[in-house]
Each structure stands twice: as structure tokens, then as C-alpha cells.
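Asker: Please read through the structure below; I'll follow up with questions.
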Amino acid sequence: KCVTVPGDMSQEHKVNMENRTGIMFDDACKLHFLEGHPESPERLVYIENLLRESGLYEKCVTVPGDMSQEHKVNMENRTGIMFDDACKLHFLEGHPESPERLVYIENLLRESGLYEKCVTVPGIAAQHDHLSKVHSDDMINSVLNTEQLTTDFVHFKTDTFANKYSSAAAHMAVGGLIQVVDKVVNGELDNGFAFVRPPGHHAEANEIMGFCLFNNVAVAAEYAKEVLGLERILIIDWDVHHGNGTQHIFEDRRDVMYYSVHKGFFYPGTGWHKEVGVGKGAGYTVNIPLCKYSIIKIEL
């Protein structure tokens, strides 16, 4: 007996009746992770699965992530990794500095999946011009001459050896690091890791010692300065041993700062906190010798 009056909802309220719940998710957010850390990508995976299984995901408005151009570039694979089998050929049976160091690192990187996420940087053997910026010709030639060995190996020091492949390994160790530095400085990579051997930080400008034939990082630093035009360079050295060679090569200069954290009262007997550089390089060498039950005051 009544007259039905149809409701006439305003356009504003009609719009509000539509599906207006937004949901934003991007796989980029899964890339932030550390194995074993409680804050993991599984949190997002769980939420996404729950929303999809309940049917709520499809009832929401998908909001696409809009990453800035700067961050889009940073999402690209820009970490370089340099390794060459030549570095495995330098070995002496029973010596603690062995190819197994590189094998272990390579296996760990591959098993974790990190190796494939990096940009492979091919190694190129260092040239004489690179090495001579740091080392004397006599020292360079003493390494080169081992290529003609008729015995299994030769000792430069009681702890430092070479076989007939060691020269190739040493030149590749330096050259590979130079390649990584070159690509980082020129913007092809954001950063890089060169896992090479023989090691280098004990090698002096004119002395082979401490398992080291050439000072890899010192030569790479000179390359960065002389060829790539860098004005200031910081070398951070963390190892159980102090890098005496690297310190001595740059200790009288202001363009390269050497910073080392190492075990005190240990080989090679250098790297005390009072060693801060010499001459115009004073203040550009920083040593942190770590000693049990000791506190060292560093004045900069």
C-alpha cells in the first residue's frame, strides 16, 4: 500500500562503495636478507600466500611500486667478482698459504648463490709498468726469473717460496685487482671483490717476504692515482698480521692513507699505534694493534 521510493546515492558515495583497498608488494623487498636473520623475506611470502588463499588479494587494488631512477640503477647487478685459476698454481706442499684458501671461498660463494649474482671480472696479468710504480726492477725480475726454475721451488725467505707458476699467479693477482679497481672507479661497478693469491701486504718496495711476492693493493692504489686520476685513497687492512709493506710504501705521503687493524705483538713486529707516518705523511698512517686486556689511546 506504500509507494516505493528508490534511493539515489550521490556519485561520491557510489565511488566509495567500490573496491578501494589498495595493496602494494614488490619482489624487490625480498632481496634484503641475511641467512639466519629473524627479519627475513619469509615474512612477506607468508602474508602474500595468506592473502591469496583467502581470496582477499584479488579483491584489492594492486598498487605498483614506483622506484626512483637512482634506486632502479642500484637494483642492477653491480658487484664485481674477480678470480682466475692461475692463482691456484702457486703452491708448495704443506705450506699454510695454499690454493685451498681460494677453493673454500669460491665454493662458499657458489653454494650461497652469491657468485651468480655478481658480475664476473676477467683477470689480466699486470704489466711491468704497473709493478714498477711500486717495486724495483730487481725485485720484479727476481719473480720473473722463477719461470725458468729447473727445481720444484725456490725460497726467497724461509716462509716465502715460488714455483715456476708463481710469477704468473703473482702477475694475475695484481692485474686482477687493477681490473676491479678500474671498473669501480669508471662506474661500471659499484664495488668489487678480487679473491687472489699470492697475498701482498707484507711485500716491501724491494723485498719479498711474509708469503707475499708483489704488494697487490699498493700497485692497484698507484694505478688508481696515476692512471685513473684519484687524488685521495684510503687503504683499510684487516688481518691478523700488520701490512708492513703497504705502510712503508705510503708512510711519507698524504695522498694515500693506510689504516690497519691487526694483532699486536705478532708477526712482522710492526704496526704499533705510535707509527703514524713520517714527514709530510705524518697523520696519514693509522694502526690499531689489538692486544688482550689492553686499551690503546689513539690520538689523531
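The values are calculated or read from the model by the stated rules, or taken from the named source; none is laboratory data. Computed from a prediction, not measured in an experiment: that's the story for all the values here. Neighbour counts run over all protein chains shown; Cβ positions are idealised from the backbone, glycine included. We work out accessible area using only protein heavy atoms, side chains counted, and drop any ligands, DNA or RNA first. Shrake-Rupley method; radii C 1.70, N 1.55, O 1.52, S 1.80 Å.
Asker: With a 1.4 Å probe and every protein chain left in place, work out the accessible area per residue of segment 123-249 in Å², rounded to a whole number.
Answerer: Values: 5690 Å² over 127 residues.
For segment 123-249, the solvent-accessible area averages 45 Å² per residue.
Asker: Please give the solvent-accessible surface of GLU226 in Å², to the nearest 10, using a probe radius of 1.4 Å with every protein chain present.
Answerer: Number for this one is 100 Å².
Asker: Can you give the convex hull volume per residue for the Cα atoms of segment 226-273, as a whole number of Å³? Walk me through the numbers on the way to the answer.
Answerer: Working: hull volume 3.8 nm³, N = 48.
It comes to 80 Å³ per residue, whole-number rounded.
Asker: Mind giving me the FRET efficiency for ALA28 and TYR259? R0 is 41 Å, r the Cβ-Cβ distance, nearest 0.05 is fine.
Answerer: On the way: r = 34 Å, r/R0 = 0.84.
So, using R0 = 41 Å, E works out to roughly 0.75.
Asker: Report the convex hull volume per residue for segment 72-210, counting only C-alpha atoms, in Å³. List each step's numbers first, then the result.
Answerer: Details: hull volume 15.0 nm³, N = 139.
Hull volume normalised by residue count: 108 Å³.
Asker: Say we join alpha carbon atoms closer than 10 Å with springs in a Gaussian network model of the chain; which of GLU39, GLU275, GLU106 then has the biggest fluctuation?
Answerer: Residue with maximal mean-square fluctuation among GLU39, GLU275, GLU106: GLU39.
Asker: What ranking do 32-38, 176-182, 264-270, 134-140 get when scored by the average of other Cβ atoms within 10 Å per residue, highest first? All intermediate terms of the calculation are to be shown ahead of the outcome.
Answerer: Values: 32-38: 8.1, 176-182: 23.4, 264-270: 14.4, 134-140: 18.9.
Those peptides, ordered most packed to least, come out 176-182, 134-140, 264-270, 32-38.
Asker: According to a simple spin-label model (label point 7 Å from Cα along Cα-to-Cβ), what is the distance in nm between VAL103 and HIS273?
Answerer: So the label points at HIS273 and VAL103 sit 4.2 nm apart.
Asker: Compute the angle between helix 100-112 and the longest alpha-carbon principal axis of the chain, please, reported from 0 to 90 degrees and rounded to the nearest 10.
Answerer: Approximately 10 degrees, to the nearest 10.
Asker: Taking all protein chains in place and a 1.4 Å probe, what share, in percent, of the accessible surface of the chain do carbon and sulfur account for? List each step's numbers first, then the result.
Answerer: Details: 10470 of 18630 Å².
The value for the chain is 56 percent carbon and sulfur by accessible area.
Asker: Would segment 203-300 count as rounded, prolate or oblate if I go by the C-alpha gyration tensor, calling it rounded below 1.5 in a/c and otherwise prolate when a/b exceeds b/c, oblate otherwise?
Answerer: Values: a/c = 2.14, a/b = 1.35, b/c = 1.58.
Oblate shape, in that a/c is at least 1.5 and b/c is the bigger or equal ratio.
Asker: At LEU114 and ASP239, where each label point lies 7 Å from the Cα along Cα→Cβ, what is the point-to-point distance in nanometres?
Answerer: 2.0 nm
Asker: For all pairs of alpha-carbon atoms in segment 124-268, what percent lies in each bin of width 5 Å, listed from the first bin to the last filled one?
Answerer: 2, 10, 19, 24, 21, 14, 7, 3, 1
Asker: If each DSSP helix of 4+ residues adds -39,500 (n - 2.57) and the sum is divided by the residues in the chain, what number results at 222 nm, nearest 500 deg cm²/dmol?
Answerer: On the way: 10 runs with 94 residues, N = 300.
That calculation yields -9000 deg cm²/dmol at 222 nm.
Asker: What is the magnitude of the charge dipole of segment 155-300 about its Cα centre, with +1 placed on the Cβ of each Lys and Arg, -1 on the Cβ of each Asp and Glu, and no other charges, expressed in debye to the nearest 20?
Answerer: Numbers: 13 positive and 16 negative charges, 72 e Å.
Taking the Cα centre of segment 155-300 as origin, the dipole is about 340 debye.
Asker: Can I ask one more? Return the FRET efficiency for the residue pair THR158, GLN127: r is the Cβ-Cβ distance, R0 is 41 Å, and the value is rounded to the nearest 0.05. If you can, show how the numbers build up before the last one.
Answerer: Details: r = 31 Å, r/R0 = 0.74.
It comes to 0.85.
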